[in-house]
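Peer 1: Supplied in structure tokens, the structure appears directly below.
The values are calculated or read from the model by the stated rules, or taken from the named source; none is laboratory data. What you see is a predicted model, and the numbers here were worked out from it, not measured in a lab. FYI the Cβ positions are ideal-geometry reconstructions off the backbone, even for glycines, and counts take in every protein chain you see. For the accessible areas, the whole protein counts, side chains as well, though only heavy atoms, and no ligand, DNA or RNA atoms are used. Shrake-Rupley method; radii C 1.70, N 1.55, O 1.52, S 1.80 Å.
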Amino acid sequence: MFGKVKASASKNATLPILAACLLTDKTCVIKKVPILQDVKTMIGLLKALGADVTLDDNNLTIHAGNDLALEAPYEIVSKMRASYYVLGPLLARFHKAKVYLPGGCAIGPRPIDLHIKGMESLGASVRIEHGYIATEAPVLKGTNILLEGSLGPSVGATANVMMAATLSHGTTTIISAALEPEIVDLANFLNTLGAKIEGAGSSNIKITGVKELNGGEWTPIPDRIEVGTLACAAIVTQGHIEIENCLPEHLGVVIMKFKEMGCDISETDTSIIINSKYRAKASSIVTAPFPGFPTDLQAQFMSALVTAEGISFVTENIFKSRFLHALELNRMGAKINIEDNVAIVTGVEKLSGAKVMASDLRASAALVIAGLSAQGETEVSRIYHLDRGYEQLETKLQNLGAKIERVAGKN
Ligand code: EPU
């Protein structure tokens, strides 16, 4: 693969930012949003709640007036876990919210105890009944909240509690907050609306409640996971590509790992160039909260390791059973053994194309990457998973010279 490609804005930054627009009755304009299925689902949710949302190119104008429904319907929440991001904003602005519980998913159990703990700490009552979470509070009161779970900080709970606390009385400090760039982006957006948030990007985030928020404009940060995905595709095809619209500072460990694999990488402030001339070398990763290696790149990185020279260890610490892609990669000739939360990857010279099935968003990207390097044809089914989180990935890959097509009538 050769040439230039532009990364889209981050899905995981855009989703909470769209939900945050419910915190104000003024108009918000979110620019250059990635038009992918999860964003469409969030737009559907905002509309179902009664907000006016218009899309012009990739720019969204959102106006959440004072007459909103306070219940997120099951039909939407069951499609996307991140629907729970409306809980904090609705509770803060309307003192009441009800969201159907998202349940588990293919990457393993995904509890919401920290979201509940955060809302309760702010003084809300929380009931879980009939498959939904209902929360109420005549007034939210600022306090210190330790948001650390058994697996460390939670991105979703940090975002939800931060949004709720923007309209609380007094000061809230989230201790052991998630450090992810998407949290910093959400805090920066909220601050442009008039929120008072300090320390986002560190483990202690201080939020001083304000009475109301204004409208505003925002462009979410580039998608670091899409950048990593495109880079893995370049590595397996021994390509030379430049990825524009990216912030290399969000990919520190990932870039180091690519270098460890023998790749030439150069960076500017807003782009990276990946030059992968030779067969990659083995490299081991351990997923961890930011700034560690992101779990959302584990599957795609594994697809690059299966044909690397030597033995690599892939340790998954965030979603411990997020390895369904490994079984499909083995069907393509990879040699991966799973022991608990560790995948041991013995590099093979070549994969062979096969019919494979995607199990979740990042697994589907991993199978596409594997297909690019495999001998013969690979057919990836269930690509609706891919469409949830990537904007026109196949077109971007085609423009870089990959032989990939979406087959009409299949999904
Ligand atoms: N956790 C708890 N209790 C909670 C919440 C989380 O124990 O109340 C645990 C989880 O089970 C997990 C760990 O904490 O082991 C981290 O989960 P986190 O809450 O940080 O994940 P999330 O907010 O549900 C977001 C991304 C995921 C990404 C994770 C980790 C969005 C919409 N989703 O999920 O993205 O894997 O952070 O970085 O931002 C993806 O894009 O493919 C994806 C799955």
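Peer 1: All but one of (1) free of Cβ contacts under 8 Å to residues at least 60 places away in the same chain; (2) over 23 Å from Val155 (Cα atoms); (3) outside any loop (DSSP other than H, G, I, E, B) hold for Leu230, so report the exception by its number.
Peer 2: In the conditions (1) free of Cβ contacts under 8 Å to residues at least 60 places away in the same chain; (2) over 23 Å from Val155 (Cα atoms); (3) outside any loop (DSSP other than H, G, I, E, B), Leu230 misses (1) alone.
Peer 1: So which residues in region 353-395 are of a type outside the set (Asp, Glu), open to solvent by 30 Å² or more (accessible area, probe 1.4 Å) and under 21 Å from Phe2 (Cβ atoms)?
Peer 2: Matches in region 353-395: Leu372, Gln375, Thr378, Gln392, Thr395.
Peer 1: Look through Gly401, Gly409 and report the one residue that is outside any helix (DSSP H, G or I) and open to solvent by less than 70 Å² (accessible area, probe 1.4 Å). Give the steps one after another, and end with the answer.
Peer 2: Details: Gly409 fails: open to solvent by less than 70 Å² (accessible area, probe 1.4 Å).
Selected residue: Gly401, the only one of Gly401, Gly409 that is outside any helix (DSSP H, G or I) and open to solvent by less than 70 Å² (accessible area, probe 1.4 Å).
Peer 1: Go through (1) aliphatic (A, V, I, L, M); (2) more than 16 Å from the ligand (Cβ to nearest atom); (3) open to solvent by less than 30 Å² (accessible area, probe 1.4 Å) for Ile285 and report which single condition fails.
Peer 2: Ile285 satisfies every listed condition except (2).
Peer 1: Out of the residues in region 125-137 meeting the condition of being hydrophobic (A, V, I, L, M, F, W, C) and without any contact (Cβ under 8 Å) to a residue 40 or more places away in the chain, tell me which one is farthest from the ligand (Cβ to nearest atom).
Peer 2: For region 125-137, the residue satisfying everything is Ala134.
Peer 1: Something else about it: Do we find a residue being closer than 27 Å to Met80 by Cβ, open to solvent by 70 Å² or more (accessible area, probe 1.4 Å), touching a residue at least 24 places away in the same chain (Cβ under 8 Å) and not small (Gly, Ala, Ser) anywhere in region 320-328? Before you say what the answer is, go through the steps one by one.
Peer 2: Initial filter on region 320-328 (closer than 27 Å to Met80 by Cβ): 320-328.
After this cut, where a residue has to be open to solvent by 70 Å² or more (accessible area, probe 1.4 Å) as well, the list is 320, 324, 327.
Adding the requirement that they be touching a residue at least 24 places away in the same chain (Cβ under 8 Å) leaves 320, 324.
From the residues that got through so far, the ones that are not small (Gly, Ala, Ser) too are 320, 324.
Yes, some residue in region 320-328 is closer than 27 Å to Met80 by Cβ, open to solvent by 70 Å² or more (accessible area, probe 1.4 Å), touching a residue at least 24 places away in the same chain (Cβ under 8 Å) and not small (Gly, Ala, Ser).
Peer 1: Here's another thing I want to ask about it. Could you please tell me which pairs satisfy a Cβ distance under 7 Å, a separation of 6+ or placement on different chains, a first residue in region 140-166 that is closer than 17 Å to Ile197 by Cα and among the charged types (D, E, K, R), and a second residue that is surrounded by fewer than 21 Cβ atoms within 10 Å (Cβ to Cβ) and modelled with pLDDT of 95 or more?
Peer 2: Within 7 Å, the pairs are Lys141/Gly123; Lys141/His169; Lys141/Gly170.
Peer 1: Check Leu140, Leu151 and return the single one that is under 21 Å from the mean Cα position of the chain (by Cα), of a type in the set (A, V, I, L, M, F, W, C) and either away from the ligand (no atom under 12 Å from the Cβ) or not assigned by TED's automatic domain parsing to the domain that holds Asn317 (or both). Show your work before the answer.
Peer 2: Values: Leu140 fails: under 21 Å from the mean Cα position of the chain (by Cα).
That would be Leu151, the only listed residue that is under 21 Å from the mean Cα position of the chain (by Cα), of a type in the set (A, V, I, L, M, F, W, C) and either away from the ligand (no atom under 12 Å from the Cβ) or not assigned by TED's automatic domain parsing to the domain that holds Asn317 (or both).
Peer 1: Scan (1) hydroxyl-bearing (Ser, Thr, Tyr); (2) touching a strand residue (DSSP E or B) at 6+ places or on another chain (Cβ under 6 Å); (3) modelled with pLDDT of 95 or more for the single condition Ser321 breaks and write down its number.
Peer 2: (3)
Peer 1: Mind telling me which of the residues Ala366, Ala370, Ala354 ends up being at pLDDT 95 or above and within 16 Å of the ligand (Cβ to nearest atom)? Reasoning before the result, please.
Peer 2: Working: Ala370 fails: within 16 Å of the ligand (Cβ to nearest atom); Ala354 fails: within 16 Å of the ligand (Cβ to nearest atom).
Answer to the selection: Ala366.
Peer 1: Any residue in region 76-90 that is touching an Asp or Glu at 6+ places or on another chain (Cβ under 8 Å) and either free of Cβ contacts under 8 Å to residues at least 12 places away in the same chain or more than 30 Å from Ile274 (Cβ to Cβ) (or both)?
Peer 2: Of all residues in region 76-90, those touching an Asp or Glu at 6+ places or on another chain (Cβ under 8 Å) come to 80, 82.
Subset that is either free of Cβ contacts under 8 Å to residues at least 12 places away in the same chain or more than 30 Å from Ile274 (Cβ to Cβ) (or both): 80.
Yes, the conditions are met somewhere in region 76-90.
Peer 1: Here's something else I'd like to know. Inspect region 154-170 for any residue being modelled with pLDDT under 95, near the ligand (Cβ under 8 Å from one of its atoms) and within 22 Å of Ile225 (Cβ to Cβ) and give the result as yes or no. Let's see the steps before the verdict.
Peer 2: So in region 154-170, the residues modelled with pLDDT under 95 come out as none.
No, the conditions are met nowhere in region 154-170.
Peer 1: Filter region 244-282 down to the residues that are in contact with a helix residue (DSSP H, G or I) (Cβ under 9 Å, 6 or more places away or on another chain), open to solvent by 80 Å² or more (accessible area, probe 1.4 Å) and closer than 18 Å to Ala370 by Cα and list them by number.
Peer 2: The one that is in contact with a helix residue (DSSP H, G or I) (Cβ under 9 Å, 6 or more places away or on another chain), open to solvent by 80 Å² or more (accessible area, probe 1.4 Å) and closer than 18 Å to Ala370 by Cα: Lys281.
Peer 1: Inside region 174-191, can you point out the residues that are more than 14 Å from the ligand (Cβ to nearest atom) and within 11 Å of Ile221 (Cβ to Cβ)? Don't jump to the end; show me each part of the working.
Peer 2: If we filter region 174-191 for residues that are more than 14 Å from the ligand (Cβ to nearest atom), which is where we start, we get 175, 187-191.
Scanning region 174-191 gives Asn188, Phe189.
Peer 1: If you don't mind, there's one more thing I want to ask. Taking the condition of being closer than 21 Å to Gly262 by Cβ and touching a Pro at 6+ places or on another chain (Cβ under 8 Å), how many residues in region 293-320 meet it?
Peer 2: Selection size over region 293-320: 0.
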